[in-house]
Amino acid sequence: MNLPVQTVGLTKRYGGLTAVQDLDLTVRTGEVYGFLGPNGAGKTTTLRMLLGLVRPTAGTVRLLGRPVGAGQLAEVGALIEGPAFYPYLSGRENLRVLARYAGAPAERVPLVLDLVDLAGRAGDRYAGYSLGMKQRLGVAAALLKDPRLLILDEPTNGLDPSGTADMRRLIRRLGAAGCTVLLLSSHLLGEVEQVCDRVGVVSQGRLVAEGSVADLRGTVGLRVLAEPLDGAAERARELVGADRVRVVDGALELAVEPDRAAWLNTELVRAGVAVRELRPRERDLEQVFFELIGKETADVR
């Protein structure tokens, strides 16, 4: 199976500093993979090793099923540290220049402009583009070679809510079209949560967790909307223990296994409580992220 990205024991040391340590990373075909970690966690160093810009100290890297340097970079697109274009040229003209240098067919220019929703502004000068438009043009440039793997470094950084929503929709479309997307991020975890199929969390140069967003969030109990709330809380405390029941924002939060939902619903109804909603309570990705980072920091110390 030719995975778009696979590393085994990947390590990079700079003198006495270990930037990346024993990293085993797997990105599957056609998925949007979020590579998360705080600043200085080793994400950028990992990216440079993936692209052959930095030689690993130890371990192996395979890109699109082959060792790095086997000619597959022609099938990889990347937007790193923000796009850079000629300000006095139009968006279309900038892409034509890049296409010539990259050996991409000129026919790709209108296709990628349409893909990133810039066809209507393609004739405007780059200097007049909003930040969101500049980011989308950068993605268009990364797509000129019709890559099998697209690497995006903080693509929503600095964007307003509208630009962020546009970028989110674009990433979803690319993933749905079969392009594998490796998305690097150190914050804006709510955005990652909405677009990524799987995520890997790196801290202190080590991978501390990997899996689907749902798997990483897990379930931590039940959330119940019921009337009367006081009566529901009293009965719930009798059923599961007072220390497992909290009233938060007009609802009950119960620290019990989700598979007890049917039993709990029956008991509340018997007590004369009207249950309007009862569902598993999940942590958001941001909570999981900081729990993982905090745990890893504590382990290292």
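Looking at Gly190, Gly218, which one is in contact with a Leu (Cβ under 9 Å, 6 or more places away or on another chain), at pLDDT below 90, surrounded by fewer than 14 Cβ atoms within 10 Å (Cβ to Cβ) and closer than 30 Å to Gly30 by Cβ? Even if it seems obvious, please write down each step before you answer.
On the way: Gly218 fails: in contact with a Leu (Cβ under 9 Å, 6 or more places away or on another chain).
Just a single option satisfies the conditions, and that option is Gly190.
So that you can scan it fast, the table gives a plain yes or no per residue for (1) buried (at least 21 other Cβ atoms within 10 Å of the Cβ); (2) among the small types (Gly, Ala, Ser); (3) more than 28 Å from Lys43 (Cα to Cα); (4) not assigned by TED's automatic domain parsing to the domain that holds Glu93:
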site	(1), (2), (3), (4)
Val109	yes, no, yes, no
Arg121	no, no, yes, no
Ser130	no, yes, no, no
Pro161	no, no, no, no
Asp166	no, no, no, no
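Output the number of the condition that Gly103 fails; it satisfies all remaining conditions of (1) within 29 Å of Phe290 (Cβ to Cβ); (2) out of contact with any Asp or Glu (no Cβ under 6 Å at 6 or more places or on another chain).
Condition not satisfied by Gly103: (1).
From the list Gly211, Gly241, Gly250, which residue is surrounded by fewer than 19 Cβ atoms within 10 Å (Cβ to Cβ), on the phi > 0 side of the Ramachandran plot and in contact with a Lys or Arg (Cβ under 9 Å, 6 or more places away or on another chain)? Lay out the reasoning, then the answer.
Details: Gly241 fails: in contact with a Lys or Arg (Cβ under 9 Å, 6 or more places away or on another chain); Gly250 fails: in contact with a Lys or Arg (Cβ under 9 Å, 6 or more places away or on another chain).
Answer to the selection: Gly211.
Out of (1) buried (at least 23 other Cβ atoms within 10 Å of the Cβ); (2) farther than 25 Å from Leu216 by Cβ; (3) of a type in the set (S, T, N, Q), the odd one out for Thr46 is which?
Unmet condition: (2).
Return the residues of the stretch 193-219 that are within 18 Å of Asp153 (Cα to Cα) and acidic (Asp, Glu); say none if nothing qualifies.
Within the stretch 193-219, Glu193, Asp197 meet the criteria.
Each row is one residue, and each column tells you yes or no for (1) under 22 Å from Ile151 (Cβ atoms); (2) of a type in the set (Gly, Ala, Ser); (3) in contact with a strand residue (DSSP E or B) (Cβ under 8 Å, 6 or more places away or on another chain).
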{"residue": "Ala102", "(1), (2), (3)": "yes, yes, no"}
{"residue": "Leu111", "(1), (2), (3)": "yes, no, no"}
{"residue": "Ala127", "(1), (2), (3)": "no, yes, no"}
{"residue": "Met133", "(1), (2), (3)": "yes, no, no"}
{"residue": "Arg136", "(1), (2), (3)": "yes, no, no"}
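I'd like to check which strands (runs of 3 or more DSSP E) are fully inside the stretch 55-167 and have at least 2 residues that are more than 23 Å from the chain's Cα centre (by Cα) and in contact (Cβ under 8 Å) with a residue 12 or more places away in the chain. Break it down into steps so the answer makes sense when it comes.
Values: elements: 58-63, 76-79, 149-153.
Output list reads 58-63.
The values are calculated or read from the model by the stated rules, or taken from the named source; none is laboratory data. The shown structure was predicted, so the numbers you read here are calculated from the model rather than taken from an experiment. Glycine also receives a Cβ, built like all others from the backbone with ideal geometry; neighbour counts cover every protein chain displayed.
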